[in-house]
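What follows draws every value from the coordinates through simple rules; no lab data is involved. Just so it is clear, the structure is predicted and the values come from calculations on it, not from any experiment. Here the Cβ positions follow ideal geometry from the backbone for every residue, glycine too, while neighbour counts run over all protein chains shown.
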Amino acid sequence: MCVGMPLDNKQLQDLRRIAGRDNVRDSIEERLLHAYDGTREERLPDAVVRGVSTEQIAAIMRWANETRISIYPRGAATGLSGGSVPAEGGIALALAGMNRIVEIDPGNLTAVTEPGVVNADLSRAASGYGLFFPPDPASMTVATIGGNVAENAGGLRGAKYGVTRDWILALEVVLPTGDVIQTGARTMKNVVGYDIMHLLVGSEGTLGIFTKITARLHPIPPARRTLLAFCRTARDAAQAAKEIIAAKIVPAVLEYMDRVTMIAIENYTKTAFPSEAEAALLIEVDGPEQTVADEARRIEELLTRQSVISTEVAGSEEAAERLWDARRAAAPALTTIAPLRISEDVCVPRADLPEMCEYIPVLRGEFGIEIAAFGHVGDGNLHVNMLIDPHDQPQADRAHAAIEKLFDKAIALGGTISGEHGIGTQKAWYVERQLGPVQVELMKSIKRAFDPNNVLNPHKMFLWRPE
Ligand SMILES: Cc1cc2nc3c(=O)[nH]c(=O)nc-3n(C[C@H](O)[C@H](O)[C@H](O)COP(=O)(O)OP(=O)(O)OC[C@H]3O[C@@H](n4cnc5c(N)ncnc54)[C@H](O)[C@@H]3O)c2cc1C
């Protein structure tokens, strides 16, 4: 692990005066706790600040902007692109403690939260009003709303309900200069000026720090039906997913798991899947009872025509939850297979999914590494996991080469190198190949306009330093 130079005494004193003595920690234990995210990339911050208010964050940013000290916002650090890792030391700004649900407004179907509210806690609180917050990353019991907004997180229900950006109305933001802005509005429509609010969603903590978030909520659908279908080949499963979409059914959930993922889940959760199944689809439809019953029946018929091995239909809420638990176990189960799981999340046009799914065994064969694929195929988003030992350098190099080919394939299919995990430090090397130099320069000029001294989350998204 790289160890940055600690702040000098005067800087620490200044920081303690601005942020409050007890909110600034610089013990090695505290710094270690804030050196990581979900990628296992590591870099020690020089100090950690937590438990502060919007006003204190604004004062910290003004000071950091003047002294050129880097600030790294972080929520629950479940990010999968290195977004909250303090890439060059500096200060880790831990926002998980700002976790108040300020308001749930059932009349307007909106909620106002602080950034550290855990995603599932918002839906739990809203459920008392018959409402929920639809973006549901598989990390929803841990990840924060602030982190979801910064990454524009997607989730399992993305096929029907979209991503975080679709559910955010307004933000309170501390800019890198220390100015505080209110952007967006509580209204359903708003077309005044450039859409800075939506630019900030997905900005990966590089343009501003969200201190208050106004989100839309959705009524909880009255009924749902959950199915798990086992398929003979990866192509069969991807083709079945394609047929469901082409039949104009919009399932709330349409999730794919390949054989490697299924075996990992079996071992991890002690469930048994048919041994001849090479892939599985988790499907859920929701809405009014009659619509749900009709759609579930049409999906079953369609799956039969696609010659699936078997389909399990959950007959109760408990049975549905068991099917969901299996899917949610995919990521932790895969981490037990190899010391390192590199989780990529290419996204392709949905009709091209069969070709993308068939490409995974090709990569496995060409590079001789274990690869598991699962993901949100309802919106074309496939999580391709390289399972490697990072201390085996030749294997790590082969994994990197496989990732490059995976990205090339996604782009060739008209897709993208990230559907939801973001760029952070992990994919910055490829960004220009997807976007081209003109767009990258435009993005860098946006970063310069927000953060002229590059003090907020530097070394992220693209490789840029101020002149
Ligand atoms: C098991 C597992 C499953 C996952 N499943 C999904 C999934 O289905 N879909 C998906 O999209 N992602 C998924 N992820 C990735 C991750 O959970 C999401 O990106 C999530 O939104 C990150 O939230 P966080 O609170 O952990 O943010 P962090 O990891 O702490 O930070 C992520 C980024 O947000 C910035 N940030 C955090 N808070 C703020 C703030 N208040 N203001 C400004 N910037 C901020 C950070 O600087 C960083 O760049 C998964 C991760 C794991 C480990």
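Angle of helix 289-305 to the longest C-alpha principal axis of the chain, folded into 0 to 90 degrees and rounded to 10: 60°. Three semi-axes describe the equivalent ellipsoid of the stretch 237-389; taken as square roots of 5 times the Cα gyration tensor eigenvalues and ordered largest first, they are 26, 18, 13 Å. Orientation-averaged projection of the chain equals 22.3 nm² [convex hull of Cα atoms, one quarter of hull surface area].
Here the residues Asp136, Asp325, Asp352, ranked from fewest to most Cβ neighbours within 10 Å of their Cβ, fall in the order Asp325, Asp352, Asp136. Cross-link pairs exceeding 27 Å between alpha carbons, from the set Lys242/Lys447; Lys212/Lys460; Lys160/Lys405; Lys242/Lys270: Lys242/Lys447; Lys160/Lys405; Lys242/Lys270. Sorted fewest first by neighbouring Cβ atoms within 10 angstrom, Val362, Val191 come out as Val191, Val362. Distance from the Cα centroid of the stretch 224-298 to that of the stretch 69-83 is 33 Å (rounded to whole angstrom). With semi-axes defined as the square roots of five times the eigenvalues of the C-alpha gyration tensor, the equivalent ellipsoid of the stretch 287-343 measures 30, 16, 10 Å, largest first. In this simple spin-label approximation, Gln290 and Arg235 carry label points 7 Å from Cα along the Cα→Cβ vector, and these lie 4.1 nm apart. Divided by 2.2 N^0.38 Å, where N counts the residues, the Cα radius of gyration of the stretch 326-467 comes to 1.14. In this rough spin-label picture, where each label sits 7 Å from Cα along the Cβ direction, the Leu109-Ile181 distance is 2.8 nm.
Set against the 2.2 N^0.38 Å expectation for a compact globular protein, the stretch 152-202 has a Cα radius of gyration ratio of 1.28. Over the stretch 80-139, the Kirkwood radius and the radius of gyration, each from Cα atoms, give a ratio Rg/Rh of 1.09. Its Cα centre serving as origin, the stretch 198-298 has a Cβ charge dipole (Lys and Arg +1, Asp and Glu -1) of approximately 200 debye. Taking a point 7 Å out from the Cα of Glu370 in the direction of its Cβ, the residues of the stretch 319-337 whose backbone N falls within less than 16 Å of it are 330-337.
Dividing the summed -39500 (n - 2.57) terms of all DSSP H runs of n ≥ 4 by the residue count of the chain sets its mean residue ellipticity at 222 nm at -11500 deg cm²/dmol. Between Ser307 and Leu442, the FRET efficiency estimated from the beta carbon spacing at R0 = 60 angstrom works out to 0.80.
Relative to the longest principal axis of the Cα atoms of the chain, helix 393-412 runs at roughly 70 degrees.
In this calculation the C-beta distance from Ala272 to Asp408 is compared with R0 = 35 Å, giving a FRET efficiency of 0.40. Note that the stretch 345-360 has calculated 3J(HN,Hα) couplings of 9, 5, 9, 10, x, 4, 5, 9, 4, x, 5, 5, 5, 6, 6, 5 Hz, one per residue in order, obtained from phi through the Karplus relation 6.51 cos²θ - 1.76 cosθ + 1.60 (θ = phi - 60°); glycine and proline are x. When only alpha carbons are used to place a centre, the stretch 419-467 and the stretch 374-401 end up 23 Å from one another.
Rounded to the nearest 10 degrees, the inclination of helix 9-19 to the longest alpha-carbon principal axis of the chain is 70 degrees.
Each of Tyr194, Tyr256, Tyr268 has some number of other Cβ atoms within 10 Å of its Cβ, and from fewest to most they run Tyr194, Tyr268, Tyr256. Farthest towards the positive end of the charge dipole of the stretch 1-150, among the residues Thr67, Ser81, Thr54, is the Cα of Thr67, using unit charges on the Cβ of Lys, Arg, Asp and Glu.
Applying a DSSP loop filter and a limit of 13 other Cβ atoms within 10 Å to the chymotrypsin sites (Phe, Trp or Tyr not before Pro) in the stretch 415-467 leaves nothing. Extension gain, Met188 to Glu432: 0.36 nm times the residue separation minus the Cα-Cα distance gives 84.4 nm. Put a plus charge on the Cβ of each Lys and Arg, a minus charge on the Cβ of each Asp and Glu, and nothing anywhere else: the dipole of the chain about its Cα centre is then about 720 debye.
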